[in-house]
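To start, the structure under review is shown below, and the notes come after it.
The values are calculated or read from the model by the stated rules, or taken from the named source; none is laboratory data. Because the structure is a prediction, the values reported are computed rather than measured. With ideal geometry, Cβ positions are generated from the backbone for all residues, glycine too; neighbour counts draw on all protein chains shown.
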Amino acid sequence: TQLLEQSPQFLSIQEGENLTVYCNSSSVFSSLQWYRQEPGEGPVLLVTVVTGGEVKKLKRLTFQFGDARKDSSLHITAAQPGDTGLYLCAGPSPRNFNKFYFGSGTKLNVKP
Amino acid sequence: DSGVTQTPKHLITATGQRVTLRCSPRSGDLSVYWYQQSLDQGLQFLIQYYNGEERAKGNILERFSAQQFPDLHSELNLSSLELGDSALYFCASSTSAVPTEAFFGQGTRLTVV
C-alpha cells in the first residue's frame, strides 16, 4: 500500500472549470510538498506546507494542509491547458525522516 | 532549470548489460536521491546519499548500486539489466539530510531491449 494516496487518479476537464485533487495518508507528516510533472520531464516543486491547517496560494492554485497533517488538497480555479500534467504529493516518511515518498499522482488533462 | 544535471538523457542497451547514470546536484546541496519511474507510475524511491554516505534505502534491487563522490556528484549503477528495468531514472537534490523539498533533474530514460 502507498504511504500517500492520491485521488482521483485521472481527471479530464474543460478549460475554465475548477478542480480539486487530494492527497491522503493514515500517518502524520511533518510537511508535504506538491510537485507538477510534465511528460518526459522531472517533477517541479510547487509548494511546501508545514503547519496543520495551513493554506497557501500560488496564483490560481490553492494548497491546504489538513489540521491533523495527514492530508492535503490542491484546488485549481479556472483551469487552463497549461495546467495539464501529473500532480504529485510527497513528504518525508513519518517512520524514517530520511526517506522521501511520493504519492502515485493525479494525471490532469485540461482540454481547450 | 532546477540546477540538477543528469546524463545521459537517453540510454538504450541490451539485456544483461551494465550502465551508469550520472547526477550533479544543485550547488551547495549535500543530499542526492535516486528515483525510478516506470510508465504511467509514480516515483519509487531507490536510495539517498548525504555528503558522501548512504543515508536511506528504498526499494533498490541488489543489481543496482549507487555512490556519491567527494565533489558530491552521484552515480547509479544498474547491472544485469532486464526488460523491466526500462524506466525514467530521476536524481534529486536537497540541502539537508532530512528532506523537506527536493529539486529534480530532467531524468535519464533507460530502454532495455
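Which one of B:Val32, B:Val98 is more than 15 Å from the chain's Cα centre (by Cα) and within 14 Å of chain A (Cβ to nearest Cβ)?
B:Val98
Take B:Ala14 and tell me if it is under 11 Å from the mean Cα position of the chain (by Cα) and not acidic (Asp, Glu).
Here the answer is no, as B:Ala14 does not meet what is asked.
For region B:68-84, enumerate the residues that are within 17 Å of B:Thr108 (Cα to Cα) and either among the aliphatic types (A, V, I, L, M) or at pLDDT 95 or above (or both).
Scanning region B:68-84 gives B:His73, B:Ser74, B:Glu75, B:Leu76, B:Asn77, B:Leu78, B:Ser79, B:Leu81, B:Glu82, B:Leu83.
Among the residues of region A:73-96, which ones are farther than 19 Å from B:Phe104 by Cα, surrounded by 13 or more Cβ atoms within 10 Å (Cβ to Cβ) and within 14 Å of chain B (Cβ to nearest Cβ)?
Answer for region A:73-96, where residues must be farther than 19 Å from B:Phe104 by Cα, surrounded by 13 or more Cβ atoms within 10 Å (Cβ to Cβ) and within 14 Å of chain B (Cβ to nearest Cβ): A:Pro94, A:Asn96.
If A:Thr20 passes every condition in (1) buried (at least 17 other Cβ atoms within 10 Å of the Cβ); (2) part of a strand (DSSP E or B) but one, which one does it miss?
So the condition that A:Thr20 fails would be (1).
Right, B:Leu83: buried (at least 20 other Cβ atoms within 10 Å of the Cβ) and more than 13 Å from chain A (Cβ to nearest Cβ) or not?
Considered against the rule, which asks whether it is buried (at least 20 other Cβ atoms within 10 Å of the Cβ) and more than 13 Å from chain A (Cβ to nearest Cβ), B:Leu83 comes out as no.
Give region A:30-45 a look and list any residue that's surrounded by fewer than 14 Cβ atoms within 10 Å (Cβ to Cβ) and under 17 Å from A:Asn109 (Cβ atoms), or say none.
Passing the criteria: A:Glu38, A:Pro39, A:Gly40.
Of the residues A:Thr62, A:Thr48, only one is farther than 30 Å from B:Leu11 by Cβ, out of contact with any Pro (no Cβ under 7 Å at 6 or more places or on another chain), surrounded by 13 or more Cβ atoms within 10 Å (Cβ to Cβ) and within 8 Å of chain B (Cβ to nearest Cβ); which?
The match here is A:Thr48.
Assess whether A:Gly53 counts as being small (Gly, Ala, Ser), without any contact (Cβ under 8 Å) to a residue 60 or more places away in the chain, surrounded by fewer than 20 Cβ atoms within 10 Å (Cβ to Cβ) and at positive phi.
yes
Do you know which of the residues in region A:14-45 that are in contact with a strand residue (DSSP E or B) (Cβ under 7 Å, 6 or more places away or on another chain), of a type in the set (A, V, I, L, M, F, W, C) and in contact (Cβ under 8 Å) with a residue 24 or more places away in the chain is farthest from B:Pro8 (Cα to Cα)?
Among those that are in contact with a strand residue (DSSP E or B) (Cβ under 7 Å, 6 or more places away or on another chain), of a type in the set (A, V, I, L, M, F, W, C) and in contact (Cβ under 8 Å) with a residue 24 or more places away in the chain, it is A:Leu19.
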